[in-house]
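Visitor: Attaching a single structure in structure tokens format; questions to follow.
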Ligand code: GRG
């Protein structure tokens with residue numbers, strides 16, 4: 001096992017090789033018919049695979065991720081000759097495509113050669129599927145029907161500008177973020193021109209055929225802002241929550257509309273203040289007042305602070321120590337809080353948190369490799385964001 005220490009105030013150990021082992025072996029464990037975790041997370045496997053690939057991508061090169069996980073090629077599960085070779089992840093992603101709706105489902109439950117896919121499509125899994133294809137550099141795969149996926153996404157926009165997650169209609173600012181990110185990954189996001197005076201009104205009604213109404217979508221996001229604390233909720237009037245803040249700030253950033261935040265009283269500073277107040281005595285961050293710290297908020301809050309240029313408003317060394325304390329020193333992986341069981345969701349968001357505060361790179365042995373950085377807007381390795389040509393609006397870093 002390799003552990004390496006950083007020369008600054010934050011000392012490790014950081015369990016690089018254990019984390020890699022944890023992530024790589026997770027798929028085999030969850031696939032086992034006797035796995036409880038496998039059964040209860042079966043419906044959201046697409047997001048689980050995205051978290052695994054994105055986490056491993058921060059620690060290893062694209063080529064290594066492909067070789068370890070079988071991203072583009074089928075692989076034989078190590079140490080178990082009885083099991084058939086596992087299909088390439090990219091082939092599995094296409095098996096989860098729901099032709100009827102045009103989006104991706106959360107799993108195909110083993111039916112890799114069967115059509116139709118037995119799971120309904122959802123915006124959450126459509127985004128995870130596109131993120132996986134982006135990591136694998138397969139967004140131009142001929143099996144990806146970009147027109148149909150675009151139609152699925154645009155068809156979920158409602159009259160008030162909000163988005164539903166699927167045909168059943170639940171509305172949440174999470175789905176606006178997913179819609180914007182999906183369309184950006186497809187190269188189909190219409191960007192607004194806020195200079196045009198007619199669009200500065202809140203009563204914009206037109207919607208061009210086949211696209212979303214980006215003006216209404218952005219105005220809807222702004223209507224979910226709570227003026228007393230500057231935060232955002234899942235729908236207008238809902239309690240501010242750090243997860244929703246990421247979605248709303250991320251959506252404003254992807255749609256190059258972040259500057260509109262400062263049209264409201266308090267603007268970006270009031271929100272940054274609320275986000276900074278989420279740091280608990282333990283150094284960890286919570287998602288809203290009076291709640292427990294949880295490693296995942298290292299992502300939801302730091303990504304938003306990073307977009308707003310205010311990462312320095314929290315004590316990053318204390319946060320790094322909290323995340324490091326949540327590592328499993330025996331089996332690798334990161335948990336929600338110290339001494340809990342690790343899972344891949346918290347492993348990804350813990351590593352991403354360390355990346356956003358510049359601590360992850362310090363644990364890397366420069367003679368062996370370079371860790372990759374996470375992009376705070378698209379939740380993908382920065383080199384992937386550059387390769388795909390994704391753009392976003394961010395605020396310059398604050399010096400105070
Ligand atoms: C690509 C990164 C990425 C995201 C896609 C799914 C999504 C868009 C965003 C989810 C944002 C969100 C709402 C995150 C919060 C998740 C969470 C930990 C919810 C727990 O809420 P409570 O109320 O927990 O159970 P607290 O911490 O408030 O007690």
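Listed here are the residues, each with its yes/no results for (1) over 24 Å from residue 163 (Cα atoms); (2) in contact with a helix residue (DSSP H, G or I) (Cβ under 7 Å, 6 or more places away or on another chain); (3) within 14 Å of the ligand (Cβ to nearest atom).
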{"residue": "244", "(1), (2), (3)": "no, yes, yes"}
{"residue": "275", "(1), (2), (3)": "yes, yes, yes"}
{"residue": "284", "(1), (2), (3)": "yes, yes, yes"}
{"residue": "313", "(1), (2), (3)": "yes, yes, no"}
{"residue": "316", "(1), (2), (3)": "yes, no, no"}
{"residue": "324", "(1), (2), (3)": "yes, no, no"}
{"residue": "329", "(1), (2), (3)": "yes, no, no"}
{"residue": "340", "(1), (2), (3)": "yes, no, yes"}
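Visitor: Still on this structure, please answer the following. Can you tell me which residue in the stretch 360-377 is farthest from the ligand (Cβ to nearest atom), limited to those that are within 20 Å of residue 298 (Cβ to Cβ) and assigned to a loop (DSSP other than H, G, I, E, B)?
Guide: Among those that are within 20 Å of residue 298 (Cβ to Cβ) and assigned to a loop (DSSP other than H, G, I, E, B), it is 364.
Visitor: Could you grab the pairs with beta carbons closer than 6 Å, sequence gap of 6+ or different chains, first residue in the stretch 240-263 and without any contact (Cβ under 8 Å) to a residue 12 or more places away in the chain and over 15 Å from residue 298 (Cα atoms), second one near the ligand (Cβ under 10 Å from one of its atoms) and outside any helix (DSSP H, G or I)?
Guide: The qualifying pairs do not exist here.
Visitor: Okay, next question. Scan the stretch 131-164 residue by residue and report those that are crowded, with 21+ Cβ neighbours inside 10 Å, farther than 24 Å from residue 71 by Cα, without any contact (Cβ under 8 Å) to a residue 60 or more places away in the chain and within 16 Å of the ligand (Cβ to nearest atom).
Guide: 153, 156, 163
Visitor: Just one of 390, 380, 356 is over 17 Å from residue 50 (Cβ atoms), within 13 Å of the ligand (Cβ to nearest atom) and modelled with pLDDT of 95 or more; which is it?
Guide: Going through 390, 380, 356 in turn, the sole match is 356.
Visitor: OK, next. Which residue is nearest to residue 51 (Cα to Cα), if the candidates are limited to the stretch 366-377 and must be touching a residue at least 60 places away in the same chain (Cβ under 8 Å) and under 15 Å from the mean Cα position of the chain (by Cα)?
Guide: Per the criteria, the residue is 374.
Visitor: If you don't mind, another one. One residue is enough: does the stretch 259-268 have a residue meeting the conditions touching a strand residue (DSSP E or B) at 6+ places or on another chain (Cβ under 8 Å) and within 14 Å of the ligand (Cβ to nearest atom)?
Guide: no
Visitor: Can you name the residue in the stretch 46-64 that is away from the ligand (no atom under 14 Å from the Cβ) and surrounded by fewer than 24 Cβ atoms within 10 Å (Cβ to Cβ) and, of all such residues, is nearest to residue 16 (Cα to Cα)?
Guide: 59
The values are calculated or read from the model by the stated rules, or taken from the named source; none is laboratory data. Just so you know, these numbers come straight off a predicted model, no measurement behind them. Note: ideal-geometry Cβ built from the backbone for every residue, glycine included; neighbour counts use all protein chains shown.
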